Every structure is written in structure tokens, then in C-alpha cells.
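The values are calculated or read from the model by the stated rules, or taken from the named source; none is laboratory data. As the structure is a prediction and not an experimental result, all values here were calculated from the model. Quick reminder, even Gly has a Cβ in these numbers, built from the backbone with ideal geometry, and neighbours come from all protein chains shown.
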Amino acid sequence: MNTIKKTVLLFQPSKFQAKIWRFVLSEHNIIVIWEANYNNQKPIENNFKILDFKPDALIIDLKIDDAYEICRWFHKNHPDSKIILTTDPKNGYSSVIRRWAMSQGVNELLMNFQKKNLFSSVITNINSVLRALDYPPAEPENIVRALHSIGQKSVSIPSGAIELRRPSISNQNSDLNAAKTISPLVPYSLGFFIAILLTVTVVLDVSVLWLVSPVQGLQRRVLVHIRDQKKSAHTKTSNLKESDSVPKGIFSYGGSTTWAPIRHTVNPQIAEKYPQFNLRYVPPINATPGSGTGIRMLLEGDLDFSQSSRSIEQKEYILAHQQGFSLREYHIAIDAIAIAINPSLPVENLTTEQLKKIYVGEITNWQEVNGPDLKIIPLSRRAEDGGTPEFFHQHVLHGEPFGSNVKYVYSTTDGLNQIRQTVGSIYYASAPEVIPQCTIKSLSIADQNEEFIPPYLPPAVPPENCPQKRNQLNFAAIKNATYPLTRYLSVIVKQDGERAQKGGEAYAELLLTEEIQKLIEEAGFVPINRR
């Protein structure tokens with residue numbers, strides 16, 4: 001069957017990184033156009049004029065000159081295409097970059113491939129791109145085949161993940177050897193696309209047009225996409241009753257406490273429409289409920305799928321592969337983290353840097369952040385207990401340990417009760433759990449030297465007017481990521497082809513229907529599929 005291939009534009013200065021991307025994506029019938037050296041001496045649109053087709057995705061490394069401007073231009077001119085950022089693990093993504101990325105329509109923030117754990121990093125990155133392009137997750141055998149094709153024979157693969165074997169491609173050796181030396185694409189703006197068509201060949205089941213430029217005798221090869229791309233067949237279901245492939249039976253789930261409003265609002269509606277799809281919440285035994293606990297229970301076989309307020313971690317991908325399957329996360333909503341204090345405390349805002357210093361123990365008195373002379377009592381759930389403290393630890397504290405001044409609470413209910421009782425305390429939690437509270441004040445937050453943005457819709461409702469009138473979430477600021485502390489809510493699903501996968505994927509599909517996305521919004525979260 002003749003299928004229309006999708007195309008990825010790859011802006012990547014590293015030959016090693018580009019080689020991995022090209023060969024592994026080619027194993028999934030995706031054509032890659034590699035741009036190693038972006039020319040920033042001319043307007044951005046001049047660099048894209050040669051592309052007389054619509055790219056399906058842009059993968060761009062932050063080392064590329066004008067990476068921000070390229071993403072902004074690409075999002076404006078190709079709003080339906082995906083954008084994936086990459087960077088070195090040692091650099092990471094600051095909260096400023098994450099906020100900017102979300103506002104510009106970036107779909108994924110990935111770390112570059114790491115030689116020391118190449119297999120697991122390739123699995124993580126490739127599955128993220130495949131998910132963005134509505135492709136099924138990668139088969140481990142295809143990853144191994146691609147890595148062997150480019151000479152990565154000593155790649156470290158988690159024990160028990162797959163059977164390591166060299167693919168039978170002896171009749172393609174000459175083509176593979178030629179493919180290993182593909183040069184980067186000549187910058188579009190230099191006009192090197194006056195070319196002579198030499199050969200049409202097939203490498204790893206991907207059609208390739210070899211083009212050679214006569215300019216200065218330089219030979220350049222570029223993967224060229226066939227015109228008139230077929231639009232992805234994947235669309236969201238407009239109505240809950242139109243969803244199909246909903247399996248029968250009892251399906252166990254658990255995980256994030258942030259998901260509680262969605263569970264209470266959405267699951268009864270699903271049960272009413274699909275009584276044969278029986279959803280069973282399973283709390284942890286001898287553990288605190290949360291995203292991390294839910295993913296652990298999923299890996300241990302105690303759940304069919306899990307709800308999470310944070311992304312899958314590298315170690316969790318590895319643990320899954322050691323058991324012979326992979327994990328996939330389905331984004332269904334955007335959540336914000338709100339900072340809660342007692343309403344009598346005369347403090348209105350904090351920067352993320354001040355917030356970090358409070359929780360690592362560098363700022364200990366409200367007087368240091370324009371408040372009264374009063375001891376600060378920072379409250380938190382333990383980082384290992386759930387997705388919210390894990391998110392806070394990674395994205396606000398940037399991995400630094402909580403200070404010895406932090407007082408740990410069992411749950412958000414416990415934390416908010418202590419806020420009401422102790423004027424100097426401070427706590428953080430999912431915005432829908434905090435914003436509507438009558439006896440809690442939420443702070444506006446900003447990165448240093450930037451505008452303070454409230455997580456509630458201003459002006460704030462004073463406590464004396466509540467509960468007749470309550471504060472509402474600032475949906476626009478959360479959706480556009482102008483409020484800095486935002487994150488995705490996801491369904492985590494095993495990719496093993498078994499019953500659990502069918503149940504998890506059906507649940508995620510139902511959550512993305514128009515009817516359920518509306519209910520998710522009513523529960524206080526920003527839906528993915530609603531404007």
C-alpha cells in the first residue's frame with residue numbers, strides 16, 4: 001500500500017544527534033530534512049521559501065541561532081505542525097524557557113541523546129516525537145536496527161528489554177554505507193538547491209532522492225519530501241457517544257491526587273454512557289497517593305493505567321523496558337500550581353526565585369520579601385509522594401533539596417488547614433484546589449524582573465464576599481503560560497498490546513472528546529482540545 005510519508009525539519013548542529021534522529025525516524029517511515037547551520041543573516045522566511053510543502057514537525061536545538069524566532073515564525077505560519085525543542089542535559093530548561101515554549105505552541109521539551117544511556121534516551125525522545133505526529137510508539141527492535149545501522153553497536157540496552165539481534169539487511173549494505181556519510185543539508189538561503197537528480201534508492205524502506213549541488217563542486221545529499229502531504233487522519237472525537245473501541249470489563253486505575261476533581265466529575269459520565277467499561281479506583285497500600293506512586297503501581301501490575309500530574313521519568317522508562325514494555329503519556333489538560341498563604345498576611349506576590357529561596361531555607365522571614373517581621377513556615381508534601389511536589393522540586397527548586405525549615409504535611413487538605421491556622425505559613429498545590437477557597441489567599445507569581453501574574457482572575461474576591469462569590473481560575477494566563485507555574489495532566493498507559501493498554505487508551509480517548517473536555521474545564525483545568 002502506498003502511504004504518504006510525514007516530514008520532519010531538523011535544525012541540529014551536532015552530526016551525532018542528527019544521525020540518530022534521521023536513522024531512527026526513518027525506521028518509522030518519516031522523512032527527515034537536516035539543517036545543520038541556520039543562516040541568520042536574512043529574514044527567517046527566506047530560509048523556508050524552498051519548502052513548497054507543509055512540514056509536519058520542526059525539531060530544533062536551542063544552540064541554533066535565532067531558535068526562539070524560528071519557533072515563533074514556524075508556529076505562526078504552520079499552526080497545525082508540531083514543534084519539538086532539544087537541548088543538552090547539562091543545560092536543561094529554565095522556567096523562563098518552559099513558559100516561553102508553551103506560549104509559542106511547543107509540543108515537547110526533550111534532552112539530547114546521551115551516549116552513556118543511548119537506548120533509553122532514544123526510546124524517550126523518539127516516542128515523544130511519534131506521539132506528537134500521531135504515530136504508534138516505537139518498537140524496540142526498530143530502535144536497535146537503526147542504532148546498528150549507524151554503527152552504535154555497543155549501545156547499552158536495559159536487561160530484558162528486547163532480544164538484541166542484527167537485522168537481516170545484507171542486500172542493502174552498499175546503500176547503508178552510503179547513507180552513513182550523508183552530509184548536512186546546505187542552508188536553504190544559500191541557494192544550493194540548483195541540483196541534478198542522480199539516483200532514486202530505498203534505504204530502510206524510506207524513499208530517498210539524492211541531490212548533488214554543482215556549486216563549488218560540493219556534493220550535498222538531502223532527503224526530499226513528496227509534495228501534497230496527506231493530512232493526519234487523527235482527529236478528536238466531537239461527542240462522547242461517537243467514541244468507539246471501548247473495551248468491556250473492570251479496569252483499575254489510580255495515581256495523582258490532583259486528578260480528584262476530574263475523577264469525581266468525569267468518571268460518572270463515562271460510566272453512564274459505557275456501563276460495560278467499569279473504572280475502579282485503587283488506592284495505594286502503605287504509601288501516599290500521588291503520581292509517582294501511581295506509576296510505580298502501574299509498573300508493578302497493580303493498575304491498568306495511571307493518572308499523573310508530571311511526566312514519566314527516565315528511570316521509569318528503563319524499568320518498563322526491563323519488563324518488556326514501554327510507557328506512553330497522553331496529555332489531557334493543563335494545570336497550574338498556586339501558592340497559598342493566610343489572607344491576613346500582607347504579601348501579594350513572589351518571584352519564582354524568592355519562592356525557591358524560601359523552600360531551600362535561604363529566606364526565612366516575611367520581612368525579606370516585603371512582608372511583616374514574621375517567621376516563614378514553608379509547608380510541602382514529600383517530593384516522593386506525588387507529582388505536585390516532584391514538579392515543584394524540579395521546576396522551582398531546580399533539583400536542590402528542600403531546606404531543613406520545610407514542614408511536611410500528609411495531604412493538601414492538611415496543608416491548607418495549617419495555612420488557615422498559622423499566619424506565617426506558605427503552601428503550594430494544584431490551582432483548582434486553592435483558588436476557590438474562602439479562607440486562603442493566592443499569590444501572584446513571576447520570574448525575576450518580569451510582570452507578576454495571578455493564578456486567579458483579577459480582581460481578587462475578598463474573603464468577606466465568599467462563598468457568595470468565589471475567585472475563578474485565570475484560564476487565559478494558564479493556557480498561554482504567562483502564569484509561570486503550569487504543567488500537563490496525563491494518562492500513563494502501558495504499551496504492551498494487552499488488555500491494560502486497550503483500557504488506558506480508551507480512557508484517554510474519552511477524556512479528549514469535546515463533551516469530556518468541557519467537563520474537565522468545569523472541574524477547574526484548562527482542556528487540551530478546546531479553544
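So GLY105 clears everything in (1) of a type outside the set (Ser, Thr, Tyr); (2) modelled with pLDDT under 90; (3) on the phi < 0 side of the Ramachandran plot except one condition, right? Which one?
(3)
Okay, residues lined up against (1) of a type in the set (D, E, K, R); (2) surrounded by fewer than 21 Cβ atoms within 10 Å (Cβ to Cβ); (3) outside any helix (DSSP H, G or I):
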site	(1), (2), (3)
PRO346	no, yes, yes
LYS356	yes, yes, no
TYR359	no, no, no
LEU379	no, no, yes
GLU384	yes, yes, no
GLU390	yes, no, no
HIS393	no, yes, no
PRO401	no, yes, yes
SER404	no, yes, yes
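Of all residues in the range 296-320, count the ones that are hydrophobic (A, V, I, L, M, F, W, C) and modelled with pLDDT under 90. Give the derivation first.
Pass one, the range 296-320, residues hydrophobic (A, V, I, L, M, F, W, C): 297-299, 303, 305, 312, 318-320.
From the residues that got through so far, the ones that are modelled with pLDDT under 90 too are 312, 318-320.
The number of residues fulfilling the criteria is 4.
Kindly check whether there is at least one residue in the range 473-490 that is touching a residue at least 60 places away in the same chain (Cβ under 8 Å) and over 22 Å from the mean Cα position of the chain (by Cα).
Yes, the range 473-490 contains a residue that is touching a residue at least 60 places away in the same chain (Cβ under 8 Å) and over 22 Å from the mean Cα position of the chain (by Cα).
All but one of (1) assigned to a loop (DSSP other than H, G, I, E, B); (2) within 18 Å of ASP335 (Cβ to Cβ) hold for PRO467, so report the exception by its number.
(2)
Could you identify the single residue in THR293, THR265 that is out of contact with any Leu (no Cβ under 7 Å at 6 or more places or on another chain) and at pLDDT below 95? I'd like the intermediate steps shown before the answer.
On the way: THR265 fails: out of contact with any Leu (no Cβ under 7 Å at 6 or more places or on another chain).
Within the list THR293, THR265, the selection yields THR293.
Can you tell me which residue within the range 75-122, out of those that are touching a residue at least 40 places away in the same chain (Cβ under 8 Å) and aromatic (Phe, Trp, Tyr), is surrounded by the fewest Cβ atoms within 10 Å (Cβ to Cβ)?
TRP100
Residues checked against (1) in the same structural domain as LEU147 (by TED's automatic domain parsing); (2) basic (Lys, Arg); (3) part of a strand (DSSP E or B):
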position: PRO79; (1), (2), (3): yes, no, no
position: ILE84; (1), (2), (3): yes, no, yes
position: LYS90; (1), (2), (3): yes, yes, no
position: VAL96; (1), (2), (3): yes, no, no
position: VAL106; (1), (2), (3): yes, no, no
position: PHE113; (1), (2), (3): yes, no, no
position: LYS116; (1), (2), (3): yes, yes, no
position: PHE119; (1), (2), (3): yes, no, no
position: VAL122; (1), (2), (3): yes, no, no
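For the range 263-294, give me the residue count where each residue is within 21 Å of SER311 (Cα to Cα) and surrounded by fewer than 13 Cβ atoms within 10 Å (Cβ to Cβ).
1
Residues in the range 352-363: is at least one outside the structural domain of SER308 (by TED's automatic domain parsing) and either within 20 Å of THR257 (Cα to Cα) or over 32 Å from the mean Cα position of the chain (by Cα) (or both)?
Here is the first cut: in the range 352-363, the residues outside the structural domain of SER308 (by TED's automatic domain parsing) are 352-363.
Now narrow it down to the ones that are either within 20 Å of THR257 (Cα to Cα) or over 32 Å from the mean Cα position of the chain (by Cα) (or both): none.
Looking for residues that are outside the structural domain of SER308 (by TED's automatic domain parsing) and either within 20 Å of THR257 (Cα to Cα) or over 32 Å from the mean Cα position of the chain (by Cα) (or both), one finds none in the range 352-363, hence no.
Would you be able to say whether some residue in the range 517-530 is within 23 Å of the chain's Cα centre (by Cα), under 27 Å from GLN314 (Cβ atoms), at pLDDT below 95 and among the acidic types (Asp, Glu)?
no
Which of the residues spanning the range 462-474 are surrounded by 13 or more Cβ atoms within 10 Å (Cβ to Cβ) and more than 16 Å from ILE339 (Cα to Cα)?
PRO463, CYS466, ARG470
Restrict the check to the range 330-345 and report whether at least one residue is within 28 Å of ALA138 (Cα to Cα) and either small (Gly, Ala, Ser) or at pLDDT 95 or above (or both).
From the range 330-345, those within 28 Å of ALA138 (Cα to Cα) are 330-334; that's our starting set.
From the residues that got through so far, the ones that are either small (Gly, Ala, Ser) or at pLDDT 95 or above (or both) too are 333.
Looking for residues that are within 28 Å of ALA138 (Cα to Cα) and either small (Gly, Ala, Ser) or at pLDDT 95 or above (or both), one finds at least one in the range 330-345, hence yes.
Could you tell me how many of the residues in the range 502-527 are surrounded by fewer than 19 Cβ atoms within 10 Å (Cβ to Cβ) and out of contact with any Ser or Thr (no Cβ under 9 Å at 6 or more places or on another chain)?
Residues that pass the stated criteria total 2.
Among the residues of the range 35-46, is there at least one that is modelled with pLDDT under 85, acidic (Asp, Glu), part of a loop (DSSP other than H, G, I, E, B) and buried (at least 19 other Cβ atoms within 10 Å of the Cβ)?
Checked against the condition, which is being modelled with pLDDT under 85, acidic (Asp, Glu), part of a loop (DSSP other than H, G, I, E, B) and buried (at least 19 other Cβ atoms within 10 Å of the Cβ), the range 35-46 yields no hits at all.
Could you check the range 414-452 and list, in sequence order, the residues that are part of a helix (DSSP H, G or I) and either of a type in the set (A, V, I, L, M) or closer than 20 Å to SER309 by Cα (or both)?
Keep residues of the range 414-452 that are part of a helix (DSSP H, G or I), which gives 414-421, 431-434.
Of everything in the range 414-452, those that are part of a helix (DSSP H, G or I) and either of a type in the set (A, V, I, L, M) or closer than 20 Å to SER309 by Cα (or both) turn out to be ASP414, GLY415, LEU416, ILE419, ALA431, PRO432, GLU433, VAL434.
What's the number of the condition ALA336 fails, among (1) in contact (Cβ under 8 Å) with a residue 24 or more places away in the chain; (2) surrounded by fewer than 20 Cβ atoms within 10 Å (Cβ to Cβ)?
(2)
One residue is enough: does the range 497-509 have a residue meeting the conditions farther than 30 Å from PRO136 by Cβ, under 22 Å from the mean Cα position of the chain (by Cα) and either modelled with pLDDT of 90 or more or not assigned by TED's automatic domain parsing to the domain that holds ASN342 (or both)? Working first, answer last.
Of the residues in the range 497-509, the ones farther than 30 Å from PRO136 by Cβ are none.
No, the range 497-509 contains no residue that is farther than 30 Å from PRO136 by Cβ, under 22 Å from the mean Cα position of the chain (by Cα) and either modelled with pLDDT of 90 or more or not assigned by TED's automatic domain parsing to the domain that holds ASN342 (or both).
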